[in-house]
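Peer 1: My questions will all concern the structure given below.
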Amino acid sequence: MASFTSFLLLSVFTLFFSVLLSACSSEEIENTPLTFTLPLTPKFARKPSTDPRVFLRQLASASKSRVHLLKYGKTKTSPAVKSPLYPMEYGGHTIPLSFGNPPQKLSYLVDTGSGVVWAPCTTHYKCIDCTVSAKDVPIFNPQLSTSLKTLSCKNPMCTTECPRCKANSKNCSQVCNFTLQYGSGSESGYFLLEDLHFPEKTIHNFLVGCTKKSRREGYTDAMAGFGRSTYSLPVQMRVKKFAYCLNSHYFDNTKNSSRLTFDYRDGDTKGLSYTPFLKNPLNSSDYHYLDLKKLIIGNKILPIPSKYLAPGSNGSGGLIIDSGFSHGYMAGPVCKIVRNELKKQMYKYRRSRSTEEENGVGPCYNFTGRKIEIPDLIYHFAGDATMVVPGKRYFKFESGIGCFPVDTEDAEDLEFTPGPSFILGNLMQVNQYIEYDLKNERLGFRQQNC
């Protein structure tokens, strides 16, 4: 596979290296069932504010940080984004994974917008300027595993530079290091090859990151990248497809869980509508781009220019689906069209302008004592596949106030910005059965009570 240098999601992170990973041989996968499932548990930051308005503001700030890194990386020409030094993390979902011998189980955030699996690692793990203490972070301890192999930077699976090794040296002890960036935080460490255990399955020589140092992070979980690259969890497992059905987390660490399914079978799943994945000619191959044809609110087809609906030759535009991002995102001109239509259709409700000004989201309405009627938000994709998002699922509610929380640029004069024009976050995926068919490069979905 070609070297990997594009900016990735926390949905969103930047890889400052490239890693070349060979496909696992059939001998490396034991006792492979046709399908198996893992519990999928809603997850949020450890200590969200108990003040509803402060909480909503934290969510908006964290979302801006994530979107900014996705769309602009570290370029100097991007518009300024105002965010606190330590943003709260986005609502997400976790699965349990067990690495090493004997197995060490940790919770891993499921992120379809990134392509590497990593965990806080070693007894010397540090968390600098974080909202959590390093001593409270669950870690993977490589010293306790008998199956661990450290990846050398001279290994053909690693393409990072080896400054401490001679050019022709074949026996170099320097490890394959990495640095990942998520929003305003970062992770750094080195790569390992380890055994990954499931109840009826073991994968040997699985590439996993050992994070030694975190900076400015607001969460304590490991990360499981489910993107389209060779380094992601499902691709290393060689599954043909995976699927999940997200239940609502309401931004608390509920004990309720749904299921994530890994499937080694090919073919259609009954009742699903399918739409093909697209490839962005310039952006990262990790992202799951979809071919959006039109966006509808209620019965109104919105007049969105085609350049925003699908990625163009310059890499801008299009929609990606991201399980690691809660609210979602729309480019400035698109978001303006959506907000204006919402205002037209929801004229009978009283606006909460103070909430809009305080949190930078909107429109917001005061629903106290009123029946809540919000029009559906409908995504119509290629293949005549239609995803209907009920109003109560794409609005965020706190103390009788409901807001349209989808993030957009701060700069009002931006006509067309780099990166995707839409990010379909996990709040809009709640109560949808969603299947990522990697073999046939398509997404399937249907409404379902999760």
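The values are calculated or read from the model by the stated rules, or taken from the named source; none is laboratory data. These numbers come from a predicted model, not from an experiment. Cβ sites come from the backbone with ideal geometry, for glycine too, and all protein chains shown count toward neighbours. For the accessible areas, the whole protein counts, side chains as well, though only heavy atoms, and no ligand, DNA or RNA atoms are used. Shrake-Rupley method; radii C 1.70, N 1.55, O 1.52, S 1.80 Å.
Peer 1: Exactly one condition in (1) without any contact (Cβ under 8 Å) to a residue 24 or more places away in the chain; (2) in contact with a helix residue (DSSP H, G or I) (Cβ under 8 Å, 6 or more places away or on another chain); (3) of a type in the set (Gly, Ala, Ser) is not met by residue 354; state its number.
Peer 2: The failed condition is (2).
Peer 1: Name the residues in segment 270-313 that are in a loop (DSSP other than H, G, I, E, B), among the charged types (D, E, K, R) and at pLDDT 90 or above, would you?
Peer 2: The answer is 270, 291.
Peer 1: Also, I was wondering about something else. Please determine whether any residue of segment 356-374 is closer than 17 Å to residue 428 by Cβ and touching a Lys or Arg at 6+ places or on another chain (Cβ under 6 Å).
Peer 2: Within segment 356-374 (the criterion being closer than 17 Å to residue 428 by Cβ and touching a Lys or Arg at 6+ places or on another chain (Cβ under 6 Å)), the answer is no, since none of the residues qualifies.
Peer 1: Could you list all residues from segment 98-139 that are touching a residue at least 12 places away in the same chain (Cβ under 8 Å), charged (D, E, K, R) and closer than 26 Å to residue 247 by Cα?
Peer 2: Scanning segment 98-139 gives a single hit, 111.
Peer 1: Please report, ordered by residue number, the strands (runs of 3 or more DSSP E) entirely within segment 366-450 with at least 3 residues that are open to solvent by 10 Å² or more (accessible area, probe 1.4 Å).
Peer 2: 396-398, 442-447
Peer 1: Related question: Answer with yes or no whether residue 362 is assigned to a loop (DSSP other than H, G, I, E, B), open to solvent by less than 10 Å² (accessible area, probe 1.4 Å) and not charged (D, E, K, R).
Peer 2: yes
Table: residues versus (1) in a strand (DSSP E or B); (2) in contact with a His (Cβ under 8 Å, 6 or more places away or on another chain); (3) closer than 28 Å to residue 197 by Cα; (4) at pLDDT 90 or above.
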position: 143; (1), (2), (3), (4): no, no, yes, yes
position: 156; (1), (2), (3), (4): no, no, yes, no
position: 161; (1), (2), (3), (4): no, no, no, no
position: 164; (1), (2), (3), (4): no, no, no, no
position: 168; (1), (2), (3), (4): no, no, no, no
position: 179; (1), (2), (3), (4): yes, no, yes, no
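Peer 1: Scan segment 314-359 for residues that are out of contact with any Asp or Glu (no Cβ under 9 Å at 6 or more places or on another chain), assigned to a strand (DSSP E or B) and buried (at least 24 other Cβ atoms within 10 Å of the Cβ) and jot them down.
Peer 2: Across segment 314-359, the qualifying residues are 320, 321.
Peer 1: Can you tell me which of (1) in contact with a Gly (Cβ under 6 Å, 6 or more places away or on another chain); (2) more than 30 Å from residue 312 (Cα to Cα) is the one residue 446 doesn't meet?
Peer 2: Residue 446 satisfies all of (1) in contact with a Gly (Cβ under 6 Å, 6 or more places away or on another chain); (2) more than 30 Å from residue 312 (Cα to Cα) except (2).
Peer 1: Would you please list the contacts, defined by Cβ atoms under 7 Å and residues six or more apart or on different chains, that run from a residue in segment 252-280 that is within 16 Å of residue 34 (Cβ to Cβ) to a residue that is modelled with pLDDT of 90 or more and open to solvent by 40 Å² or more (accessible area, probe 1.4 Å)?
Peer 2: That search, which allows pairs on different chains as well, returns 263/240; 264/240; 265/240; 266/240; 266/439.
Peer 1: Tally up the residues in segment 130-152 that are open to solvent by less than 70 Å² (accessible area, probe 1.4 Å), within 28 Å of the chain's Cα centre (by Cα) and not aromatic (Phe, Trp, Tyr), please.
Peer 2: Going through segment 130-152 one residue at a time, the tally reaches 12.
Peer 1: What are the residue pairs meeting all of these: first residue in segment 325-347, first residue under 9 Å from residue 408 (Cα atoms), second residue small (Gly, Ala, Ser) and open to solvent by 10 Å² or more (accessible area, probe 1.4 Å), Cβ atoms under 8 Å, and 6 or more apart or on different chains?
Peer 2: Pairs found: 332/411.
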